[in-house]
Amino acid sequence: MPQLKIICLSHPKVWSEMTQKSNTLQKMLTLNQGSNSWLNLSDERGTRQGIYKVEKIGKENHILARFVSECSVKEEFQSLERLLSEDGCLPREIEVPLPVPRATKALLFFDLSEGICYMYSLGMAPPESSIIQILIQLQTDLGLRLEDARVFEWEERLVTKVTEFARREGFTPYKVKADLETVKVVAEGDLDNNEQWKKIEGAVEFERWKTIAYVKSGDTGIFIFGLTKNRSKMISMPYIEEDISIENLLNRILQMRQIVEKSLGCDVREYCFPEQVLSTFM
């Protein structure tokens with residue numbers, strides 16, 4: 001499922017001071033095979049990760065970096081050929097393939113004005129530790145301090161507020177999941193206009209919902225995003241048209257962020273770095 005994480009790269013005041021005299025945008029555009037954060041295919045299989053393409057996008061001071069990461073080889077996941085070989089039933093001309101490490105990739109949208117990175121993954125997301133590691137490697141490439149980056153995570157009660165503000169922006173609840181101890185509830189469809197569902201919804205405490213997704217149709221297609229109350233506090237964007245442009249994808253991410261910030265009552269940077277925050281974020 002397409003997933004999104006919002007990463008605040010540094011305290012806003014620190015970020016502003018760091019980037020005032022640093023041409024961060026140009027430094028990012030010149031990242032290449034000689035950079036610490038760049039993918040090195042010669043590294044040991046199962047450990048390789050890094051940025052492999054960087055491009056400037058239409059929105060001012062935004063950079064898109066394409067990132068890939070792989071996990072260690074799982075020897076226990078045996079191939080069909082190996083299973084046949086163990087029983088002596090593999091034809092001689094057939095070779096047993098080497099185990100292949102699982103790889104994941106993500107789009108890293110960097111807002112260099114605000115010091116925010118949006119990590120968007122179409123499928124399985126790279127481990128959070130991989131992203132933090134690549135940010136640390138970017139420190140040397142960019143001459144910036146990124147080791148204090150924080151991933152945006154919300155309190156569970158935020159889901160109630162998000163529903164309120166999403167409705168104001170024209171979204172309607174599309175899918176909900178709830179874990180009621182001995183019963184699991186899943187509802188999907190036009191929930192706002194289903195009277196039977198409303199009776200069930202009203203009978204359950206809202207805080208018990210584990211996943212809520214919202215949908216909105218417009219000129220640019222169908223936009224769905226959802227929040228899941230799990231340990232990683234992942235934001236999901238489960239439907240993306242095949243022909244959606246990078247700019248439209250970023251616009252949807254920014255629209256989703258706006259709804260979340262209205263629900264929080266503050267900027268995500270202020271939420272992630274509450275200590276000595278600036279008062280002029282919004």
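A few notes on this one:
- Gly34 being outside any strand (DSSP E or B), assigned by TED's automatic domain parsing to the domain that holds Ile136, in contact with a Ser or Thr (Cβ under 7 Å, 6 or more places away or on another chain) and not β-branched (Val, Ile, Thr): no
- Being surrounded by fewer than 14 Cβ atoms within 10 Å (Cβ to Cβ), assigned by TED's automatic domain parsing to the domain that holds Ile51 and over 30 Å from Ile235 (Cβ atoms) is a condition met by at least one residue of the stretch 97-111.
- Test: residue in the stretch 64-71 that is acidic (Asp, Glu), surrounded by fewer than 16 Cβ atoms within 10 Å (Cβ to Cβ) and either under 16 Å from the mean Cα position of the chain (by Cα) or within 23 Å of Gly50 (Cα to Cα) (or both): no
- Considering residues of the stretch 136-181 that are modelled with pLDDT under 75 and in contact with a Leu (Cβ under 6 Å, 6 or more places away or on another chain) only, the residue nearest to His11 (Cα to Cα): Val159
Quick grid of which residues meet (1) farther than 28 Å from Leu142 by Cβ; (2) surrounded by fewer than 18 Cβ atoms within 10 Å (Cβ to Cβ); (3) in the same structural domain as Ile136 (by TED's automatic domain parsing):
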position: Ile7; (1), (2), (3): no, no, yes
position: His11; (1), (2), (3): no, no, yes
position: Thr24; (1), (2), (3): no, no, yes
position: Gly58; (1), (2), (3): no, yes, yes
position: Ser79; (1), (2), (3): yes, yes, yes
position: Arg92; (1), (2), (3): yes, yes, yes
position: Glu95; (1), (2), (3): yes, yes, yes
position: Ser113; (1), (2), (3): no, yes, yes
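- Criterion applied to Ser42, Ser22 was being more than 20 Å from the chain's Cα centre (by Cα), at pLDDT 90 or above and outside any helix (DSSP H, G or I), and the one residue passing it is Ser42.
- Failed condition for Leu41, given (1) loosely packed, with under 15 Cβ neighbours inside 10 Å; (2) hydrophobic (A, V, I, L, M, F, W, C); (3) within 16 Å of Leu142 (Cα to Cα): (3)
The values are calculated or read from the model by the stated rules, or taken from the named source; none is laboratory data. Since we're looking at a predicted model, the values are computed, not measured. Don't worry about glycine lacking a Cβ; one is built from the backbone with ideal geometry, like all the others, and counts go over all protein chains shown.
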